[in-house]
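Notes follow once the structure below has been shown.
Since every read-out is calculated from the coordinates, none of them should be taken as a lab result. Everything numeric here is computed off the predicted structure, so don't read it as measured data. Here Cβ is always computed from backbone atoms with ideal geometry, including for glycine, and neighbour counts include all displayed protein chains.
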Amino acid sequence: MMPRLGEGGAPPALPIGTLLMGALALLVGAAALLLNTDTLTAGVNSPTMVALVHTFTLGFVGLIFAGTLQQLPAVMFVTKLAWPGLGYVTTPALLLGSAAVIVGFASGFHPTWLQVGAVLTSLAWILLLAQLLATALKRPPKDAGSQALILSVVFLTFTVVAGFLLASARTSPGVAQAVGYPVRLHLTLGIFGAFLLGIVGSGQKLLSMFALSKGGAQWRVRAAMLLITAALVVESTEAFARVSLGPLALLLLAGGALMQLLEVAAIHRRRLRKKLEAPIQRYVLAHAFMPLAGLLVLLDQPRAAAAAFLVGFVGLAVSGMLVKITSFLVWTAVFANARSGGVWGGAPLLRDLLRDELEPVTTWALAGGALGLCITFVTGLPASATLTVLLLLVGAASQLAQVAHVVITTVRAGRSLNRPAPAAPVRSAVMPELGPETSAEEAP
Amino acid sequence: MTETTLTEILPALPARNVLESLRAVIDPELGLDIVSLGMVYEVTVAGGNVVVEMTLTTPGCPLHASIEADVKHVLGQVPGVEDVGVELVWDPPWTPDAMSDAAKSALGFW
């Protein structure tokens, strides 16, 4: 049975609300950074900086990931979501948990806030993982993209659980003695295991769909899964067995990232929709930050490399898909079962939901902000920090405005159509002169 | 380009008229009608009963409910049509090659 959004997935208000909260989190983070610009030039990971990073990872990326998981599995696995109402539990838990973690870091690694936040976010992600697995069991996906998505959520759950261990290690000597303080494993799990692999998995399906490409190679996605998983095994061994395996993990991660670059390049090259929509252009542009991150690693600039990967690659990719996914979700929620019909009944096209002028602002302000972060971390220039923060603020505001505009425009259009079915079509994109060939066969 | 099969069994109206009516059904994502997009594989008219066998750009397409509803809405307005059935099929899978030249041009293929 085919999934229907709002039926096969969660009630639309759940993912839409979560996506909006994610977009808001980026703006809040950028505004907080404006008040703490000096943290960018301090040269150390201050509590404020760690809080801001978690606003980005848990707030922006995490919430959007969680919102997407309320619908995307139903579409990718072509089945119904196992527990459509789960978001009523997980979304508040994620919001409160993320806020507690951020407050905990901002207040100087306050253990109580951190532990409360870690418990809530861990619980939420364990539930979301259980839901994803239960959904997959209903119709086990065979394509590599879906499998990569599942694995990414496994790693994301491990990431927050590792965060819980870190929080516990700060207050419990027993925990610290048993597991050490595996910060690097926590970072690698989150950045590569969860975010990169999540983008690899969902991106292959979504980019192929939006670019009208015949699809990429399954082997590249499987290779990315294998390489990233191997890297995480190596890092786990290093963290818990207290041994050093040199640059092996880094090389494996670079290989995984390369697979994604090759995959996106292949889909992009084989696309039949030559002019991609602006949000999809942003998604593709995001991948330019991966080689930049690699270059910065080679130049021994780990903070700048992390900024390029997290804010540049992950940020732009998530931002691009955020706009597309939100417009699909809201449109479908409002018009899919409308009595008046969809586009035929006067509903706007998906592309009509966007404010075109906001898209380049979002793309270039966020890309400029990510680049500015790299420059600031390398040079330590205060002027660069100020410009960077302003760009990120503009990009985040533009993105939130776009997402809010999509929701408001669609809901308003839906209300205006809340009337009996029209007698005649009001929109047509008919091309009778060049329609497809037909063949007639008449039965007796 | 999709070659739509038109089948008529003591039809109340020509199947070709049904196919032309389906040009009012627009894919909300691509902004083009489903006939030009090559999504309609077969139209069968038996008396006043119409069955449309069609596909979508991808299995699990989140817009399928809307498009299916629009097909029923549009054909429900056509004189002579008494009942409309929509069968979604995935074999053969839709590819961009199924589109008409005008649709390809509209999406900037060339």
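Using a 10 Å cut-off around each Cβ, can you sort B:VAL78, A:VAL243, A:VAL411, A:VAL403 from fewest to most neighbouring Cβ atoms? Show your work: numbers first, answer last.
Working: B:VAL78 18, A:VAL243 9, A:VAL411 14, A:VAL403 27.
Ranking B:VAL78, A:VAL243, A:VAL411, A:VAL403 by Cβ neighbours within 10 Å, fewest first, gives A:VAL243, A:VAL411, B:VAL78, A:VAL403.
Partners of A:LYS205 within straight-line reach, counting lysines whose Cα lies under 24 Å from its Cα and excluding those fewer than 8 residues away in the same chain: A:LYS80, A:LYS138, A:LYS142, A:LYS214, A:LYS274, A:LYS275, A:LYS324, B:LYS104. Measuring nothing but how far apart in sequence close Cα pairs (under 8 Å, 6+ apart) lie, relative to its length, chain A scores a relative contact order of 16 percent. Positive-end ranking of A:LEU212, A:ILE126, A:ALA10 along the dipole of the protein assembly as shown, with charges on Cβ about the Cα centre, is headed by A:ILE126.
Determine the shielding of peptide B:31-42 by partner chains: average, over its residues, the number of Cβ atoms on other chains within 10 angstrom of each Cβ. Please list the in-between numbers first.
Working: counts 7, 4, 9, 0, 6, 7, 2, 3, 1, 3, 0, 2.
What the average comes to for B:31-42 is 4.
Within region A:27-122, the ratio Rg/Rh, alpha carbon atoms throughout and Rh by Kirkwood, equals 1.09.
Using the reciprocal of the averaged 1/r over all distinct C-alpha pairs, how large is the Kirkwood radius of the protein assembly as shown in Å? Please report the intermediate quantities before stating the final value.
Numbers: mean 1/r = 0.0407 Å⁻¹.
Evaluated on the protein assembly as shown, it is 24.6 Å.
The mean count of C-beta atoms from other chains within 10 Å of the C-beta of residues in B:6-15, rounded to a whole number, is 3. Around the Cα centre of region A:278-414, unit charges on the Cβ atoms of Lys, Arg, Asp and Glu (plus for the first two, minus for the last two) sum to a dipole of about 300 debye.
Please state the charge dipole magnitude for region A:215-349, taken about the Cα centre, from unit charges on C-beta atoms (+1 on K and R, -1 on D and E), reported in debye and rounded to the nearest 20.
Working: 13 positive and 5 negative charges, 139 e Å.
Taking the Cα centre of region A:215-349 as origin, the dipole is about 660 debye.
Treating each Cα of chain B as an identical point scatterer and summing with the Debye formula, the log10 of I(q)/I(0) at q = 0.21 Å⁻¹ comes to -1.10.
Among A:THR91, A:THR326, a tally of other beta-carbon atoms within 10 Å of each Cβ gives an order, fewest to most, of A:THR91, A:THR326.
Choose one answer from B:ALA65, B:ALA15, B:ALA24: the residue with the largest mean-square fluctuation in a GNM of chain B with alpha-carbon springs under 10 Å. Looking only at B:ALA65, B:ALA15, B:ALA24, the largest GNM fluctuation is found for B:ALA65.
Hey, if you put +1 on the Cβ of every Lys and Arg and -1 on every Asp and Glu Cβ in chain A, which of A:ALA42, A:LEU258, A:LEU137 ends up farthest toward the positive end of that dipole? Of the candidates, A:LEU137 comes out farthest on the positive side. Counting only Cβ charges, +1 for Lys and Arg and -1 for Asp and Glu, the dipole size of the protein assembly as shown around its Cα centre is about 1540 debye.
Ignoring everything except DSSP H segments at least 4 long, calculate the 222 nm mean residue ellipticity for the protein assembly as shown; use -39,500 (n - 2.57) per segment, divide by total residues, nearest 500. Let's see the in-between values first.
Values: 21 runs with 319 residues, N = 554.
Helix contribution divided over all residues of the protein assembly as shown: -19000 deg cm²/dmol.
GNM on chain B, alpha-carbon springs under 10 angstrom: the most fluctuating residue among B:THR95, B:THR44, B:THR58 is B:THR58.
Convert 4 °C to kelvin, take the viscosity as 1.567 mPa s, use the Kirkwood radius over C-alpha pairs of region A:181-224 as Rh, and evaluate the Stokes-Einstein diffusion coefficient in µm²/s, rounded to a whole number. Spell out each step's value before the answer.
Details: Rh = 11.7 Å.
This corresponds to a translational diffusion coefficient of 111 µm²/s.
Taking B:LEU13, B:LEU63, B:LEU22 in turn, the Gaussian network model of chain B (Cα-Cα springs below 10 Å) assigns the largest fluctuation to B:LEU63. Relative contact order, whole percent, for region A:1-140 stands at 31, derived from Cα pairs under 8 Å and 6 or more residues apart.
When the Cα positions of A:SER98, A:LEU296, A:VAL411 are compared along the charge dipole of chain A, A:VAL411 comes out farthest toward the positive end, with charges on each C-beta of Lys, Arg, Asp and Glu.
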